[in-house]
Structures are given as structure tokens and as C-alpha cells.
Amino acid sequence: MTELETIERARVYLDKLANGIDPLTDLPVPEGDVINQVRISRCLFFASDVLRRVVENGGITPPKRRGKAPFAITQEQLMQVRFSREPLRITELCKRITDAAGPEDGKRLTNAIVLEWLESVGMLEKREDGEGKRKRRPTEAGRQIGIFEEERTGTYGVYTAVLYTEEAQHFVVDNLDAALQLRQSGG
């Protein structure tokens, strides 16, 4: 039996144990047995998955994934951002910024980067909505730069959308470096 076949057999045994089956007899393990504990079962499934990846890679442990490089954009690319006279949601603004940065490496600007920064500079704050969920809403300072709320109706009923006027869109783009630095510093 080759080493890969042995690894595969070990993986099958781990799967059976994780499912509460004795791999030698194919009979259920007694209810009180330690392998029937959820935490043990999860560990066995995890180990099985690692072995599966080793077999799929021909016996080589796959390299650990490194974190993606952070989103980056040049000043020249920022000048290519398409602003809208119509107010936009943050998702659309981030998409337009990502589009201006170009398709390299599939990096994209996430809403969280911009929203966390806007909150840190006092343009947004988290407030509890009618359902007890904490949502980011514009502060007075945020409203002054053009961030506002609007009631809308969607597939699941009425909701509050936070929108960004053209002035607010420019504010975000003009300060994007600060937002990116906040994220990189772990703030």
C-alpha cells in the first residue's frame, strides 16, 4: 500500500469516527463514547479534511493561504472615479472606486473599510433600529456633507437606505487614503 493510500484510509477512518461509526466493524459507537462528543467529532472532520487536501495534492501539504494584499489605488486612478449626481449607496460608490483602480489582482474596496472610517471620524454612528439591530446612520456632521437616510420599499418590505450625495461621494474619495490607513493600522 502506498503512502497516499494509507493517508486515504486514515481519512476514511476519521470520517467514520466523526460520524459515530466504528471504522473496523462499521457498527455505531455506543452513545456515551467520547467520539460522539461534538467537539471531538468536529476535530475529526477537520483532520479528515486536511488529509483529503494532502491526497488531492499528491501527498504535499497545500501551502497556507496568505492574506490578500490590501486594496490600493493611485491618485491618478482616483481621478477616474465616476461620481453620480444621483445619491448612491456605499456599495455602488465602493464599486465605482474599485472599477477606477482597475482589475489587477481582483482587489476591491469593501464597504467595511469606508464605513469604519466614516464612523471613526464622526460622520456615521451605530444606532439601534426598531428590530434591535445596530445600524450605521449619519450623524449631524455626516448630514452636513451629504449623507442622508431614505425610506425605501424592497422585496422584504420597507427599509432605511443610507445614501451619499455627490458632495459626500467626493468627501469619501478625497479621504480614501485615511480610510485605507485606518484599516491597515488595525483601527
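The values are calculated or read from the model by the stated rules, or taken from the named source; none is laboratory data. This one's a predicted model, so the numbers in the text were calculated from it and none came from an experiment. We place every Cβ from the backbone using ideal geometry, glycine too, and count neighbours over all the protein chains shown. Side chains included, ligands, DNA and RNA excluded: accessible areas come from the protein's heavy atoms. Shrake-Rupley method; radii C 1.70, N 1.55, O 1.52, S 1.80 Å.
I'd like the full set of residues that are at pLDDT below 95 and touching a Phe, Trp or Tyr at 6+ places or on another chain (Cβ under 9 Å), limited to the stretch 124-172. Matches in the stretch 124-172: Glu151, Arg152, Thr153.
Taking the conditions (1) within 21 Å of Glu86 (Cα to Cα); (2) free of Cβ contacts under 8 Å to residues at least 60 places away in the same chain; (3) surrounded by fewer than 18 Cβ atoms within 10 Å (Cβ to Cβ) in turn, Gly122 satisfies each one other than (1).
Those residues that are under 25 Å from the mean Cα position of the chain (by Cα), closer than 17 Å to Leu93 by Cα and free of Cβ contacts under 8 Å to residues at least 40 places away in the same chain, I need them from the stretch 142-167; list them, please.
Listed by number, the residues that qualify are Ile147, Glu149.
Take Leu182 and tell me if it is closer than 20 Å to Arg96 by Cβ, out of contact with any Cys (no Cβ under 6 Å at 6 or more places or on another chain) and not β-branched (Val, Ile, Thr). It is false that Leu182 is closer than 20 Å to Arg96 by Cβ, out of contact with any Cys (no Cβ under 6 Å at 6 or more places or on another chain) and not β-branched (Val, Ile, Thr). Listed by position, the strands (runs of 3 or more DSSP E) inside the stretch 129-187 whose residues that are open to solvent by 60 Å² or more (accessible area, probe 1.4 Å), touching a strand residue (DSSP E or B) at 6+ places or on another chain (Cβ under 8 Å) and basic (Lys, Arg) number at least 2 are 134-138. Applying the set (1) open to solvent by less than 30 Å² (accessible area, probe 1.4 Å); (2) at pLDDT 95 or above to Arg85 leaves exactly one unmet item: (1).
Taking the stretch 5-28 as the region of interest, how many residues are of a type outside the set (Gly, Ala, Ser) and in contact with a helix residue (DSSP H, G or I) (Cβ under 6 Å, 6 or more places away or on another chain)? Of the residues in the stretch 5-28, 7 are of a type outside the set (Gly, Ala, Ser) and in contact with a helix residue (DSSP H, G or I) (Cβ under 6 Å, 6 or more places away or on another chain). Of the residues contained in the stretch 173-187, none is found to be over 21 Å from Gln75 (Cβ atoms), of a type in the set (Gly, Ala, Ser) and touching an Asp or Glu at 6+ places or on another chain (Cβ under 6 Å).
Check whether at least one residue in the stretch 4-21 is within 30 Å of Thr165 (Cβ to Cβ) and surrounded by fewer than 13 Cβ atoms within 10 Å (Cβ to Cβ), and report yes or no. Looking through the stretch 4-21, none of the residues is within 30 Å of Thr165 (Cβ to Cβ) and surrounded by fewer than 13 Cβ atoms within 10 Å (Cβ to Cβ).
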